[in-house]
1. In whole angstrom, how far apart do the alpha carbon centroids of segment 1-70 and segment 76-126 sit?
2. Need the full-extension length gain, residue 69 to residue 19, defined as separation in residues times 0.36 nm minus the C-alpha distance. One decimal, nm.
3. Run lengths n ≥ 4 of DSSP H only: what is the helix-derived mean residue ellipticity at 222 nm for the chain, with -39500 (n - 2.57) per run over all residues, to the nearest 500?
4. On a 24 Å Cα-Cα criterion, which of the cross-link pairs 11/66; 134/169; 36/169; 77/161; 66/161 come out too long?
5. Let me spell out the model: positive unit charges on the Cβ of Lys and Arg, negative unit charges on the Cβ of Asp and Glu, origin at the Cα centre of the chain. What dipole size does that give, in debye rounded to 20?
6. With all protein chains present, how much of the accessible area of the chain (probe radius 1.4 Å) comes from carbon and sulfur, to the nearest whole percent?
7. For segment 144-216, what are the per-bin percents of Cα-Cα distances with bins 10 Å wide, up to the bin holding the maximum?
8. Name the residue from 26, 60, 154 whose Cα lies farthest towards the positive end of the charge dipole of the chain, charges +1 on Cβ of Lys and Arg and -1 on Cβ of Asp and Glu.
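The values are calculated or read from the model by the stated rules, or taken from the named source; none is laboratory data. Computed from a prediction, not measured in an experiment: that's the story for all the values here. Here the Cβ positions follow ideal geometry from the backbone for every residue, glycine too, while neighbour counts run over all protein chains shown. Ligands, DNA and RNA are excluded from the accessible area calculation, which covers all protein heavy atoms including side chains. Shrake-Rupley method; radii C 1.70, N 1.55, O 1.52, S 1.80 Å.
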Amino acid sequence: VVTLSEENYLKAIYHLGKHGTVAVSTNAIAEKIESKASSVTDMVKKLADKNLANYVKYQGVTLTEKGRLAAVLVIRKHRLWEVFLVEKLNFTWDEVHDVAEQLEHIKSLKLVNELDAFLGYPTHDPHGDPIPDKDGNYSLIKSVNILEVKKGKTGVLALVKDSSDAFLKYLNKNELALGDRITILDFEPFDKSLTIETSNKKMIITKEVAKNLYLSL
């Protein structure tokens with residue numbers, strides 16, 4: 001049985017290590033989950049004992065296939081619950097993350113698979129991230145960062161990298177949402193800000209905002 005704490009570690013290693021395949025340092029894990037490096041080392045050894053992770057001192061941590069599937073299942077549950085909260089309970093996309101963090105640890109696979117069916121097998125969560133299927137497979141949307149889109153081009157907002165409350169509230173306030181068509185009107189080389197146009201407004205976004213927005217062209 002994988003504990004709640006172990007699931008959080010597996011998820012962190014998966015995200016930090018490009019789906020668990022690239023070795024991640026214990027310091028990076030400690031920073032991600034806001035823990036001490038010594039505690040991380042202890043936990044990583046436990047994960048290795050359960051054949052969930054590979055740990056070589058001074059070389060970092062990767063996930064075994066068993067660990068990768070466990071991490072993907074937690075991510076699947078998290079993203080399905082986010083869809084449920086937004087579509088069925090009228091949560092806004094900036095409210096769902098913390099609640100989904102609690103719901104992602106429910107163990108019942110039957111519940112998760114029934115939830116998936118109930119929602120019509122969604123492929124992406126409210127922030128544009130892909131939802132793994134019950135076998136752990138998923139397909140990525142081909143999208144590019146808005147800073148790489150040439151002036152005059154139009155794309156559809158497909159993915160928001162920063163899913164923090166503060167950033168999503170900023171997008172809400174500025175009436176930017178997934179599925180919006182965005183045209184790049186101008187690029188300012190000095191501070192890398194962009195002037196963009198949506199169906200209802202023109203606005204300037206900073207480099208900090210732009211680096212979190214991805215368009216499908």
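1. 24
2. Contour length minus Cα-Cα distance gives 17.0 nm.
3. When only DSSP H runs of four or more count, the value is -12500 deg cm²/dmol.
4. Result: 134/169; 36/169; 66/161 exceed 24 Å.
5. 560
6. 53
7. 20, 62, 18, 0
8. Of the candidates, 60 comes out farthest on the positive side.
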